[in-house]
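Single-structure report; data block below.
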Amino acid sequence: MKLCRLVVAGLLALSLAGLSAPANAARQYSDIACETTTTTGTGTINLGGALSGGYLGIIASGITTGSTVPYHLETGTGGTRKIETGWSVITSGSPSTATRTVISSTDGLATALTLAGTSTFCVAPIANVLTLGGGSAVNADLLDGVDSTAFGLVASPLSQFAATTSSQLAGVISDETGSGALVFGTAPNIDTIELGNASDTTLSRVSAGVVAIEGVNIITTANTATTSTAGISQFATAAEYATGTSTTKALVVDQSWAAAAEVALSDATTIAFDMSTGINFSVTLAGNRTLGNPSNQTTGKCGYIAVGASTSPRTLAKGTHWLSVNITWPITITNGQTAYIFYCSRSSTVTLITGVINNPA
């Protein structure tokens, strides 16, 4: 079975080497299949029947017409014996034929032998027909003694291969952009991003919650503005503007005017005056009253208090923190008329009454 061993060794080496075969048909291997041929020259072979000694004919072994198979061809004897290996397309007929796409021969690489006399043509010896790339399992006879884990399978994922680094992957890709580690969608760690032309816009991380474009920090919602730190600030409401204590909120025009709307004070024997609730105020007196000392003053805050009277004339005195000049207190508000008291706050204990217009025409 010397010829059988040669066929096994030659064709197994050929098939595992991954050498290119003609693309015109499915590749197949078969049981031990050897036929004689009396074809001469370097062209297509006419198959002459199974070689004696228990070999199968090629078609009888299960090779289908039009299939591409690796072959082993011998011609001559003794010192003139020559060997050729390659890929062949088998066509069933009378006689069946085998093309020759030579990989290597005794005469040289890709060099077809010039046949003369009787030659022997064999295909791969395995127990079952195997169509490469067709999803069939590789028969153990073919891989006997071969470490099957050394070969990749088309149907298997990339995990069958050794771990690959990002730089190794980049080494086999020709059109990538950027460098460094491969990036996935969840929580990637990216140092710098070039947006558009690299010389135009570079986006980079400065610290937690802070990014920069071209080295200039971008204000984000995490950068809340304070009196000493630039950042994005919320807009103040009219009530917040009137309170006058926020250090992180910006003033807008409509809320400035809204804050100037009169806030109604509650009528009482001593009228409570919380300066943080507004700028301008109003109250209607149902009896003789005292304007209580201001609370929650903001230094420099100015406004007015519109004081009306119901039913009959009413008097209005003031607390000790209200200071005025050339105004006689209490003042009298005529029924159906209004007195306007103008004020400016100087401190927590001093609010200046800058003027009183009583019962204007």
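Below, the figures for the structure above:
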read-out	value
Exposure proxy ranking, count of Cβ atoms within 10 Å, fewest first, for Val210, Val123, Val283, Val183	Val183, Val210, Val283, Val123
Stretch gain in nm, segment Gln234-Phe161, where the contour uses 0.36 nm per residue and the Cα spacing is subtracted	20.8 nm
Estimated inter-spin distance, Ile218 and Thr186, nm [label 7 Å along Cα→Cβ]	2.5
Distance-filtered residues of the stretch 284-311 - backbone nitrogen under 16 Å, label point 7 angstrom along Thr277 Cα→Cβ	284-286, 290-298, 304-308
Ser348, Ser207 arranged by Cβ crowding within 10 Å, fewest neighbours leading	Ser207, Ser348
Nearest-0.05 FRET efficiency for Ala261 and Asn358, computed from C-beta distance (R0 30 Å)	0.85
Under the Karplus curve 6.51 cos²θ - 1.76 cosθ + 1.60, θ = phi - 60°, whole-Hz ³J(HN,Hα) for the stretch 155-167, x wherever Gly or Pro sits	7, 8, x, 5, 5, 5, 9, 5, 4, 10, 7, 4, 5
In nm, spacing of pseudo-spin labels at Thr284 and Ser246 (7 Å Cα→C-beta vector)	3.3
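Taken together, the values in this text are just the output of simple stated rules run on the coordinates, not laboratory data. A quick note: this is a predicted structure, and the numbers were derived from the prediction, not measured. FYI the Cβ positions are ideal-geometry reconstructions off the backbone, even for glycines, and counts take in every protein chain you see.
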